[in-house]
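Just below is one structure, and these are the notes that go with it.
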Number of protein chains: 2
Amino acid sequence: MKVSMTETNSTKTCSSHWKFIYSLADKVKRFPGLVRREIWKVGKDDPRRILHSLKVGLALALVSLLYLMEPLFKGIGSNAMWAVMTVVVVMEFTVGGTLSKGLNRGLGTSLAGLLAFFIEYLADNPDQIFRAIFIGAAVFLLGAAATFVRFIPYIKKNYDYGVMVFLLTFNLIIVSSYRVDNVLKMAKDRISTICIGVGLCLVMSLFVFPNWSGEDLHKSTISKLEGLANSVEATVVEYFSDSKKQANEDDSSEDPIYKCYEAVLDSKARDETLALQASWEPRYSKCCQRIPWQQYAKVGASLRHFSYTVVALHGCLQSEIQTPRSIRDLYKDSCIRLAQEVSKVLRVMANSIRKKHQFSLQILSNNLNEVLQDLDNALKSQPQLLLGSRNSRSRTPKISTKATAHNDNRLEEETRLSLSSIKSDCCSPVGSKSKEHSREQIKEGQRQKKVLRPQLSKIIITSLEFSEALPFAAFTSMLVEMVAKLDHVMDKVEELGRMSHFREFRDGDDDENIVVTCERPKMNIVDNDLPSYGAE
Amino acid sequence: MKVSMTETNSTKTCSSHWKFIYSLADKVKRFPGLVRREIWKVGKDDPRRILHSLKVGLALALVSLLYLMEPLFKGIGSNAMWAVMTVVVVMEFTVGGTLSKGLNRGLGTSLAGLLAFFIEYLADNPDQIFRAIFIGAAVFLLGAAATFVRFIPYIKKNYDYGVMVFLLTFNLIIVSSYRVDNVLKMAKDRISTICIGVGLCLVMSLFVFPNWSGEDLHKSTISKLEGLANSVEATVVEYFSDSKKQANEDDSSEDPIYKCYEAVLDSKARDETLALQASWEPRYSKCCQRIPWQQYAKVGASLRHFSYTVVALHGCLQSEIQTPRSIRDLYKDSCIRLAQEVSKVLRVMANSIRKKHQFSLQILSNNLNEVLQDLDNALKSQPQLLLGSRNSRSRTPKISTKATAHNDNRLEEETRLSLSSIKSDCCSPVGSKSKEHSREQIKEGQRQKKVLRPQLSKIIITSLEFSEALPFAAFTSMLVEMVAKLDHVMDKVEELGRMSHFREFRDGDDDENIVVTCERPKMNIVDNDLPSYGAE
């Protein structure tokens, strides 16, 4: 008996070993395919990456000519390797990145050279031991000081690389000066070869298929606005749609709505890096004035705050207690209209940035206010919601029906009132398309209301528990809160328009050609532009 | 007349010039003070920065000895400058950063050396032009390939610096090989001096006042938990406090509540960098198993999602429409108790991570559920909220009073019921301190309710508009939503406890020594550890 058990055990161990080996072999076999797919994906996500890689290869091959071609090598000598180094390190994906690194490198090297000569002058003493101590002390002090300076936020943000190159060059020159007599020549060579390297990088960056940080920032701002517009609309529509869809809500990472605003939430680092790089780029608006890239970062910050509300609104979809659908349906139209208006405003702003024309803050605000008022009216004019406990429900129906009978009349009245007010508001100078559109909406609303009427009286009788009304109230409140946050975004975008001298707003600008993109906005350009570690 | 106007104009221009010069002089005069304050602040925010600066200075001075001391220089020669370079570039603030850079540099250099020799072997041809073309082509191809590889997310995250160093070294060796005969010696020298540099950096990082990324991550997770606990508590307390405070709410950047959770919102980049660096660090838990740093990053992610709800809750404070204070006061106790419970759970988790003992998910969940039930009861048992429009208000008082007269009795009953249920629940195995605390709370609650009773009947008569109830409903709903998100955080923290083999939970662990820190948590260690650009 025992023997057989041991045998089974050993068979088991053996088979598990084999299994492990098989799975390993399987993994190894699938590895090339995995790598191929990954490489394909990286290239497909942003084809500029392939171009950039070829550019770097070309730049390196060109800079190698300094070494490989006889006449060039005679002029520069083995110092050409500094140029090679510079190209590897300075060449970044965007023009802004390359410029910022190249200028930092140039500045750092020059300053370090000057300071090194000054200290070399001070240390000019025949006593070698004194010189060694003096140089050692200088290296220690400047090393500590430069490292500390790199912690200062302003320096860290703008000149971190410059300070590092400064420290590096200073050390190389000052330490070499102890052994090499002709330090001046060495420093000159280093500076000139670095200049060659930086120059080559700049030429390749600026003139051969340039990638502008500013353009990336511009596009990502637009796509963020559109992504948020899509997610707001989708969230509200889903909230009022059939409950079947809510089953597969659990894996929020797969949720298309989540995907739309996901990129906005964590956009801080990227926005700031892009804005910083863009501010180095020599690009001007029509009036020869600098484009206010920092304002783009501010728009991004306000969008981030807006997106927190979107998250909260989206959270309402997953709430466990749900307000009865019948109650929700009462406010469906107003809520969806508000969401559509919010989305429209976001898209108008996206369009305004894309086409570089200003938008009319006035008209958009008016429209928003109108729809907000509409929702408010709906909330007020709809039948009273008796928020009592279930216990008391049995005793209240009489009272409710009495109250609602009255209300039903009033509702009709108020609906008519609010409709007429919308109609009169529509005569404000908005594009004719939107007028037609809203009229259609109103008609639709009337139709829907007529259909709803017979059901209303039924609903009115059922009173609603406060705890049941909570999620819906939160949803509505979040919608309203969202409008407040949107106001902030609108201010920032308008300021951006003013600062970048966008074309003045003309009637009808808002409504023509609003690009409604329903696919997921492309956000995966993200990783190109973050500062890399640098090398050597 | 004209003349005098011109005179006035010129005087004006003149005075404005002077003003400009004065203000400039003033700025220049104040500049040193500004710099001094900034430097003082940087040092005070995190004194380890000063220590780190001195360490870098010392390391540089030590590595300079290779050049300055005769016997050392004889052995290594002018290649010592590679060691100097390595120290400047590799030395990072934390052990993890230094290790990751150092190992990347070593790996990149070695691989590049091997490949360069292989290609050198292939290009071994007497025809110089063929060699030049072959080398140029190799440089182009490898440059493009390496640059493209750096875009692959996995490589970018872990080995970006390594690939860069690889490219650099490869180019240097292969290009030099065209002119220099003894490339093998050059490569060997480069590798050995880089090893000296990396070794020195590691010794300085690991053994002289080491700064561990893991520790930073550990501490920042604790302080984030505590910051959120403070902000939740403060938000709810402020919501129910006198409205006077709400005046200076506008500048949200100065808001102490905002400051508490601000650091959590944008913590993604920092968390991930720290977790990555920490995973390089040779630190083990008691059982000689790796500490699951990536799980810390996951806790951070769940905290970020929790904080979005805190933002929404905080937004309720600034809402323009406010529910009448009298109505809010009805639910004050339950809401504050829920917020206190949420804060307590957050603090228990912070404490659990700090002291490395597990916490009882069961007890915390039970307590939370209890308080949640309490709030639910309060919402159900409190007087009916008649949500009608103002118009109908005048006609409803009679109805309401009738209903509320009944409710007032029921309220008293239910309050007694819920109180007794809390008392009986208190006998569950929780620490005695918290029992006393909660009993005190209950007594206080009873006292408050007794004081409130006479006012209640008044409040009940005033019916509430739905639009007025909205903000409060949203507030309550957000509180409930927050508990759901908290659940997710609790799961992640519990998983962290299990994975890091925290000490088992013992009765009474939860309640002893909960550190209540009310000051703003220190979050400004943030900028030390982000990857710097690197140099040369």
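Placing a label point 7 Å from Cα along the Cα-to-Cβ axis, B:Lys41 is separated from the same position in the other copies by 4.3 nm, shortest listed first.
The mean count of C-beta atoms from other chains within 10 Å of the C-beta of residues in A:51-60, rounded to a whole number, is 6. The modelled label-to-label distance for the pair A:Ala145/A:His305, using points 7 Å beyond Cα in the direction of Cβ, is 4.1 nm. Relative to the current alpha-carbon distance between B:Arg290 and B:Leu361, full extension at 0.36 nm per residue lengthens the span by 23.2 nm. Annotation for the A:B interface, with buried accessible surface near 10000 Å², both sides summed [1.4 Å probe; non-protein components not counted].
Placing +1 on each Lys and Arg Cβ and -1 on each Asp and Glu Cβ, with no other charges, gives segment A:46-207 a dipole about its Cα centre of roughly 420 debye.
Atom-type composition of the exposed protein surface of segment A:74-115 places 70 percent of the accessible area on carbon and sulfur (1.4 angstrom probe). Counting only Cβ charges, +1 for Lys and Arg and -1 for Asp and Glu, the dipole size of segment A:179-242 around its Cα centre is about 840 debye. Burial here means at least 30 square angstrom less accessible surface with every protein chain in place than with the chain by itself, probed at 1.4 Å; in segment B:168-198 the buried residues are B:Leu168, B:Asn171, B:Leu172, B:Val175, B:Tyr178, B:Arg179. With a threshold of 27 Å on the Cα-Cα distance, the over-threshold entries among A:Lys268/A:Lys485; A:Lys157/B:Lys492; A:Lys356/A:Lys485; A:Lys101/A:Lys219; A:Lys332/B:Lys224 are A:Lys157/B:Lys492; A:Lys332/B:Lys224.
Tell me, which residues of segment A:297-313 get at least 10 Å² less accessible area when the other protein chains come in, versus the chain alone (1.4 Å probe)? Listed in order, they are A:His305, A:Tyr308, A:Val311, A:Ala312. Evaluate E = 1/(1 + (r/R0)^6) for A:Ile191 and A:Asp491, where r is the Cβ-Cβ distance and R0 equals 41 Å; express this FRET efficiency to the nearest 0.05. Calculated transfer efficiency: 0.30. Take A:Ser326, move 7 Å from Cα toward the beta carbon, and the resulting point lies 3.2 nm from the same point in each other copy, nearest first. Label separation (A:Tyr22 vs B:Ile133): 5.3 nm, computed from points 7 Å beyond Cα along the C-beta direction.
The same position A:Ile191 in the other copies lies at 3.7 nm from this copy, comparing label points 7 Å beyond Cα toward the beta-carbon, shortest first.
Go through B:Ala138, B:Pro71, B:Thr86 and say which Cα lies farthest out towards the positive end of the charge dipole of segment B:1-149; charges sit on Cβ, +1 for Lys and Arg, -1 for Asp and Glu. Farthest along the dipole direction, towards plus: B:Thr86.
Each of the peptides A:484-494, B:300-310 was scored by the mean count of other Cβ atoms within 10 Å over its residues; in descending order, highest first, they stand as B:300-310, A:484-494.
Annotation: per residue accessible area for segment B:46-207 equals 39 Å², rounded to a whole number [probe 1.4 Å, protein chains only].
By accessible area, using a 1.4 Å probe on protein heavy atoms only, segment B:159-223 has 70% of its surface on carbon and sulfur.
For A:Pro210, what is the net charge nearby, where nearby means another residue's Cβ is under 12 Å from its Cβ and Lys, Arg count +1, Asp, Glu -1? The answer is -1.
The values are calculated or read from the model by the stated rules, or taken from the named source; none is laboratory data. Just so we're clear, the structure is a prediction, and the values are computed from it rather than from any experiment. Every residue, glycine as well, gets a Cβ built from its backbone with ideal geometry; the counts of neighbours run over all protein chains shown. Quick note on the areas: whole protein, heavy atoms, side chains included, nothing else; ligands and nucleic acids left out. Shrake-Rupley method; radii C 1.70, N 1.55, O 1.52, S 1.80 Å.
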